[in-house]
Amino acid sequence: MSSNSRRWEVQSQNNQNEQLQSNNEPAQKAGTSKEIQEEANEKQMEIISCGDNSYYDFETMKLLRKAVYSNDLIMCHILSYIPNVRDRAKVELCNNRMKYLSGKAKYKFRTEQDHLGIQFRLLYSLVSFRYGNLCIHKPCLTLESRRDDFIERRDAAEPGEEVNYLPNQTKQFMTVMNGMVKRFSKQIRRLTLGGIAKDQDWGVRNHQLIITEDLLRSIATHLPSLTRISFNECGFGDQAIRYLASSECPIPQRIQELNIDGAWFDSKEENVKLIAFATTSLKKLSLRYFSYEMAFEFVARLRAMNHVLEEISMDFPWISSGAECKRLMKEMSNQCKELRLRFAFEWIEDMYEIVPTRCKVHPEIFQVASFACTLPNVTSLHINARPTTPQHMADYTEFAAALRDLKNLRILELHGWTDPRVISTVNNSLPHLTQLENISLLNLPRETPAEEITRFISALSSGVKEFCSHDVVIDGSQLKLLTQRLRLLEKVDIAYARKLVSKDIEDMLHDMPTLREIYISNTAVDVNSIAILLDKNILPKLEGGVLTFANRLPPAATLIFQDHFSSFRSVDIEKTTQCTACFNYRKWDSTMLPRKSFYIPPQKPQKSSLKKKKLDWNDW
C-alpha cells in the first residue's frame, strides 16, 4: 500500500463517521462533563475527552487516531520533537513502521541543526563529535599517535621490511562516525574536521587530526546533502589524498563552500591535490595557512573552467613576498565576485614547510594592504597588525588614505597604531564608505583626542549594523551619539571603555530596538537593568550577549534568565562583588514573566581570610 493510500485510508469510512457523529453530536453546550459522563453511562457508551471541552465516542476517536498514525507527514512532524537519541531509539524498537518514520523524521535541535563538528575540546587526544545537543568524545588517530606507532613498528621490524603509517582511523572513532552520519545523514550539510572548537579556546591542545581514506569514504557514502566542508589544521594520509583526488570520490562535486585552514601532507608535492575541489559546483573558497603554490593552482584551474566564484576569503598571517602576494590577490580578484582579505601578525609554528617558522611583520605588509584598496570587489578588510617603525607608520597613513577607494566595502576592522594622528586620516576616508555595515576599532592609543573619536562616530554610515570597539576611550556622550547616529545597530561589542558607567549602558539599551546581540566587558551594569533586557517592548529582537553586573545575581534573576534563554551561565569575578553573565538563544515562544525590580544593596569585596605575608630579600 502506498504512503498516499495509507495517509488517507480513513476517507473510505466517511459515511460511518458521519453516522457516528450524527448519533453522538459533540456536547459542548449540553452540560458539564459530569452530566455528559452520566448520560454516556446510561447509554453504555464510552466517550473520549478531546481537551477543548468537546467529547467524541470511542469509535470516532479510534478512527481519528488511525488517520493520524497512517499519515506519514503528521507522524514525522510528531517524532521530530524527540531530539534525544536514546528516546528515539526506544521508539524505533516498537515496530517496523516507527523505525521507518523515525528514519524520515528530522531532529529539532535548538542550534546547529545542519553542522557536524569533529574537533578537539579537551586537553587529551580525544576528539569530540558535536552535533546539536550531542557531544561524544572518542580516541582518534592524530599526528602524535600515528608517529609513535610508526616508530614502534619500525624499531620492531626486521631489516629490509617496509613500514608505513597507519592508513585508517581508530575503531572507536569510525564506530561513532558511521553511527552519527547514518542517523543524521539528511540533515548534515556542514562538516568541520580538525582544529580546536571556537568555544573551547583555552586549556585545549590541538592534536592535529589525521584525515584517512576510511573517514572520507564514510563521508562520501552517508552524507549526500553535504555542501560545506572545513579542514582545520589537519593532516592527510597518502591513501586519503589519492582517493580524494580520484574520480571515484564524489565529495568534491558536492561541495559548494570549502575552507582550508592549515591542511598539511606527508609530502610537499601532494599539497596541490586539494585543487580537486575546484569544480563548477564550488561557490565560496576560504584559505588560511595555505601555500601560495596551491593557491595559484586553484586560480589556474578555475580560469581554465571559466568559472567565477561568488566569494573568496584569504587570510595572510604571514607574507613571504610582497610581489607574490599582490599577484595572488590580483588573480583571485579576477575569479570571484567578492573578495575578503585579512592581514594579521601571528606567532605560528612550522607546518611541513607551508608556513615559515617565527615569521615577523613583513616590511611590505601595509603596502600590500594599500594595494588591496585598488581591487574593486573587496568587500571585507581586516588589518590586525600594529606599525612598529617610522616606515610602517608612513605606509599605514597611506593605506588609511586609500580606504576611500573601496566603494563596495561592507566590513572593516582596524587595529591600533602608535601615532594618534592617524585617526584623522581614517576619519577623512570613512564618509566615502557608504556600503559599510560592520566596523571594528581596536587598541587605540590613550592619547587619541576625544574630538577625533566623536568625529569617527559621526563619519560612520547610517547603515552600520555591527559596531565593535576594544580598548578605545569612549564616554557617555559619545555612546549616546552612536545610538542616535546608527539606528540599525544589531550587534554592539564594547570592552575596556573605562569612562562608561551603568547609566550609559541602560540609556543605550532604551534607544536600540533593533539590537540582537550585546557584549559589554569591564563596565559593570546595575542588576536592575535585567528588566530592560527582558522587556519585549524595549528590545524585541534581543537574542543573547554577555554583560558584567555590578553585583552577584540573586536567585530570582537567575531563574528569569533561564526562563527566557536556553543557554545561561554566570561567573563570579574574584575579589569583587561583580559577576559576568552569558545568555544565548532566546525562547521566543516562552511565556514572558512580568518585569521585576531586583534591588541589591551595595556590597564590598570579600576580604580574604589568608593573611598576606611580608616579603623580605630572602623571598626574592
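Using the count of nearby Cβ atoms within 10 Å as a rough guide to exposure, how do Val368, Val204 rank from fewest to most?
Val204, Val368
How big is the Kirkwood radius of segment 450-504, worked out from every pair of different alpha carbons and given in Å to one decimal?
11.4 Å
From the phi of every residue in segment 493-507, what ³J(HN,Hα) in whole Hz does the Karplus formula 6.51 cos²θ - 1.76 cosθ + 1.60 yield, where θ is phi - 60° and glycine or proline is x?
Rounded to whole hertz, the list is 9, 10, 9, 6, 8, 6, 8, 7, 10, 4, 5, 4, 5, 5, 5.
Starting from the Cα gyration tensor of segment 385-527, take the square roots of the eigenvalues, sort them a ≥ b ≥ c, and report rounded, prolate or oblate (rounded when a/c is under 1.5, otherwise prolate if a/b is larger than b/c, else oblate).
Since a/c reaches 1.5 but b/c is at least a/b, the shape of segment 385-527 is classed as oblate.
Assign one of three labels to segment 108-261, namely rounded, prolate or oblate, based on the Cα gyration tensor with a ≥ b ≥ c the square roots of its eigenvalues; rounded applies when a/c is under 1.5, prolate when it is not and a/b is larger than b/c, and oblate otherwise.
Here segment 108-261 falls in the oblate category.
Sorting Leu63, Leu403 on the 10 Å Cβ count, fewest up front, what's the list?
Leu63, Leu403
Which pairs, out of Lys108/Lys587; Lys186/Lys337; Lys138/Lys284, put more than 21 Å between their alpha-carbon atoms?
Lys186/Lys337; Lys138/Lys284
Quick check: Cα centre of segment 485-514 to Cα centre of segment 233-267, how many Å?
Taking the Cα centre of segment 233-267 as reference, the centre of segment 485-514 is 45 Å away.
From the phi angles alone, apply the Karplus equation (6.51, -1.76, 1.60; θ = phi - 60°) to segment 416-430 and give each ³J(HN,Hα) in whole Hz, x where the residue is Gly or Pro.
Result, ordered by residue: x, 10, 7, 9, x, 6, 5, 4, 5, 5, 4, 5, 6, 8, 4 Hz.
Might you report the magnitude of the Cβ-based charge dipole of segment 176-239 about its Cα centre, with Lys and Arg at +1 and Asp and Glu at -1, to the nearest 20 debye?
440 debye
Could you tally the net charge around Met98, taking each other residue with its Cβ under 13 Å from the Cβ of Met98, Lys/Arg +1 and Asp/Glu -1?
Local net charge: +2.
Read-outs throughout are calculated quantities, based only on the coordinates presented, and are distinct from any laboratory measurement. All values derive from a computational prediction rather than experimental measurement. Positions of Cβ are backbone-derived with ideal geometry, glycine not excepted, and every protein chain shown enters the neighbour counts.
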